[in-house]
There are 2 protein chains.
Amino acid sequence: MTAYTATVTVRLKEGVLDPEAETTKRALERLGFELDGLRSADRFEVDVDADSSEAAAARADEMAERLLANPTIHDYDVDVVER
Amino acid sequence: MTAYTATVTVRLKEGVLDPEAETTKRALERLGFELDGLRSADRFEVDVDADSSEAAAARADEMAERLLANPTIHDYDVDVVER
């Protein structure tokens, strides 16, 4: 077994309204920053023990499917590194 | 001017309690997943126009300092790619 950290990034699908990001963008503009767009995402770093990085990625993928992401509105990606 | 996307990842400092991550970890365990730890972070993808990637990173850094992160409890890092 090797120790891995799987990073699951969960973002809203294209076209889903993101009022939090819109508010953050406006607040930055009010502070004088120029920006073309802003998207927000949630990032989960999960420490797991697994036989291979593929096994760790598969487990993180299942975590995203079952709990971390809502497939109706979210896309996610998984990235695994040894810890 | 070149178009860049700056990704600002904001995480709680080591030692700051993270009840949301703790709850998520327990929920995953209740679903039968084995994991050693879980940390959550916020990720902001900011589209900016700048003369160089250094200038884009500097601007994103200032956004983090002034609004996106709270220096008392957060660490952040900035990563810039051309879009």
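Of note:
- Applied to segment B:31-40, the Karplus parametrisation 6.51 cos²θ - 1.76 cosθ + 1.60 on θ = phi - 60° returns per-residue 3J(HN,Hα) values of 7, x, 7, 9, 8, 8, x, 8, 10, 10 Hz, with x for Gly and Pro.
- Only Lys, Arg, Asp and Glu carry charge here, each on its Cβ (+1 for the first two, -1 for the last two); on that basis chain A has a dipole of about 360 debye about its Cα centre.
- Placing a label point 7 Å from Cα along the Cα-to-Cβ axis, B:D47 is separated from the same position in the other copies by 3.8 nm, shortest listed first.
- Nearest-first distances (nm) between copies at B:L67, label 7 Å from Cα via Cβ: 3.3
- Where Rh is the Kirkwood radius over Cα pairs, Rg/Rh for chain A: 1.13
- Partner shielding of B:43-56 amounts to 4, given as the average count of beta-carbon atoms from other chains within 10 Å of each residue beta-carbon.
- Chain A versus the axis that turns it onto chain B: the residue with the nearest Cβ and the distance in whole Å amount to A:R43, 2.
- Inter-copy label distances at B:R30, using a point 7 Å along Cα-to-Cβ, come to 3.7 nm with the shortest given first.
Only the coordinates and a few stated rules stand behind these numbers; no lab work does. Just so it is clear, the structure is predicted and the values come from calculations on it, not from any experiment. Every residue, glycine among them, receives a Cβ derived from its backbone with ideal geometry; neighbour counts consider all protein chains shown.
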